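One structure is given below, encoded as structure tokens.
The values are calculated or read from the model by the stated rules, or taken from the named source; none is laboratory data. These figures come from a predicted structure and were not determined experimentally. Heads up, the Cβs are rebuilt from the backbone with ideal geometry, glycines too, and the neighbour counts pull from every protein chain shown. What goes into the accessible areas is simple: the full protein's heavy atoms, side chains included, and nothing from ligands, DNA or RNA. Shrake-Rupley method; radii C 1.70, N 1.55, O 1.52, S 1.80 Å.
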Amino acid sequence: MLSYALLKPLIQLGLRVFFRRIEVPHRKRLQTPGPLIIAANHPNTLMDPLIVAANRRDSVAFLAKSTFFKGPFMKWLMAQTNSIPIYRRQDAEGEDAAHVSPAELARRNEATFGRSYDYLDQGGTIMIFPEGTSVTERRLRPLKTGAARIALGAAARHDFKREVQILPVGINYFDPSRFRSDVLLNVALPIQVTDFAALYAQDPIAAADELTEEIRRRLEENLVITRDAAEDELVQQVERTFGEHLAPDDDETLYDNFELSRNLSEAIIYFEKHDPARLQEVREKLNEYMQELRALRLTDESLESSNKGERWLRGAKTALKLALGFPVYVYGVVNNYLPYRIPSMVAQRATKEVEFVAPILMVTGMVTFSLAYAAQIALVHYFVQDWRLTTLYALSLPITGFYALYYWNNLQDRRQRLRVLRLFRQQRPAIEKLLRQRTSIMRLLANARAAYLAGNEL
């Protein structure tokens, strides 16, 4: 479809700008030929299908809840992006007619299944989110059987003589609502639907249940799974604060971070069973340390130690870079501030749900930057009347915009380190206490890691 082909490069560009890194360790698996069903977890609403489709060469059709198809513009947009509506009881309740009957709901979804079968018959790819809803949490909610039923139905159309595959994809965000964060796509080995042909012939419902369980198992293998909010908070505290010390690697990949998160979750379960006192000590000391940091408005990175000579040399280099880069920073801020700030303002007003923040930020940013850059370039060309100068100005806009963001982050880091030095002079006991806490926690984590590894070797 022409509109899909035109939109895809724009979405790819928007994703490259919004995310700092998008890592796909098994990229070839994502190019598995159709007929194919991609089944993924769903932590970040509209961002999830965009990320997967942008990294697959062939076009993708999407099963989306019917509420996205309301209004002329949305109907047109969903049609251009190969979307097929799925009807849920909770969505039908809001319709004007006296509630849609179960029979009507079943009829509509049968039509959806029929369209899906036809699309797969043509060798197409359909993306489905078996959880049914989107919630930003590192857990996999119970899966609906729709993906399995569509795959089995499409294969049964041809007596299982034509292979239909299901490709589970684990989408792991490291900070789902923040600009310039990271995302890891863990692509599992595809599931061969013909493996379930014999069971389907005996009991189609049991086959759908068994296939859904296999999808769940492969998704869980490729996701960071925490059992509750308390465990998730502890894992994130450890990985964000002391992750570099637990897995020191200059060439660290997102998959390394993923493995660290999974190991931390597994270690928590291990110590709950074998050494709960050690786990409780880590939890208490880490919470106390984080509270002290917040009270002094510091970050853990600002307490990173180095010898005095290295500290002064690093400080001098940073100060020189900040001084020399300040004019470029000001130029970047002047030309990029409004289109950068407007998406945040729109997202704050548009939603309180964290799952919708990232897609609103990205889509709004694509509009604001496109309009702002076009207006600024036209205005500059009007005054200079020289296409060479206008071209240089146009190229400078995104480059200096990214530099301004980089500069601001460096400036904040430098301010934090200067604040530590100032507090060390003014409140020396408080900083020394923080440093002792930090050293104690690092020792605790190192000992716990050794005990965990030793316990798993037995």
Residue list for region 342-359, restricted to those being in contact (Cβ under 8 Å) with a residue 40 or more places away in the chain and either open to solvent by 30 Å² or more (accessible area, probe 1.4 Å) or β-branched (V, I, T) (or both): V354, F356, V357
field: Output for region 175-233, where each listed residue is part of a strand (DSSP E or B) and either in contact (Cβ under 8 Å) with a residue 60 or more places away in the chain or not β-branched (V, I, T) (or both)
entry: D182, V183, L184, L185, N186, V187, Q192
Residue among R414, R449, R425 that alone is of a type in the set (K, R), open to solvent by 90 Å² or more (accessible area, probe 1.4 Å) and under 29 Å from the mean Cα position of the chain (by Cα): R449
query: Which condition number does A230 fail, the rest of (1) open to solvent by 50 Å² or more (accessible area, probe 1.4 Å); (2) farther than 19 Å from L140 by Cβ being met?
result: (2)
field: Filter result for T318 (within 30 Å of the chain's Cα centre (by Cα), in a helix (DSSP H, G or I) and surrounded by 12 or more Cβ atoms within 10 Å (Cβ to Cβ))
entry: no
- prompt: Is it the case that E214 is at pLDDT 90 or above and over 19 Å from the mean Cα position of the chain (by Cα)?
  reply: yes
query: Got at least one residue in region 368-377 being among the aliphatic types (A, V, I, L, M) and touching a residue at least 40 places away in the same chain (Cβ under 8 Å)?
result: no
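Matching residues to (1) hydrophobic (A, V, I, L, M, F, W, C); (2) open to solvent by 10 Å² or more (accessible area, probe 1.4 Å):
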| site | (1), (2) |
| --- | --- |
| F19 | yes, no |
| V24 | yes, yes |
| P33 | no, yes |
| R57 | no, yes |
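Quick grid of which residues meet (1) among the small types (G, A, S); (2) over 30 Å from L423 (Cα atoms); (3) touching a helix residue (DSSP H, G or I) at 6+ places or on another chain (Cβ under 8 Å):
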residue	(1), (2), (3)
A295	yes, no, no
L303	no, no, yes
V330	no, no, no
E355	no, yes, no
T364	no, yes, yes
Y373	no, yes, yes
R388	no, yes, no
T391	no, yes, no
A394	yes, yes, yes
message: Return the residues of region 10-36 that are aliphatic (A, V, I, L, M) and more than 16 Å from the chain's Cα centre (by Cα); say none if nothing qualifies.
response: L10, L13, L30, L36
Filter result (on the phi < 0 side of the Ramachandran plot, over 24 Å from the mean Cα position of the chain (by Cα) and open to solvent by 60 Å² or more (accessible area, probe 1.4 Å)) within region 130-160: R149, R157, H158
query: Can you name the residue in region 360-390 that is under 27 Å from the mean Cα position of the chain (by Cα) and β-branched (V, I, T) and is also surrounded by the most Cβ atoms within 10 Å (Cβ to Cβ) among such residues?
result: I360
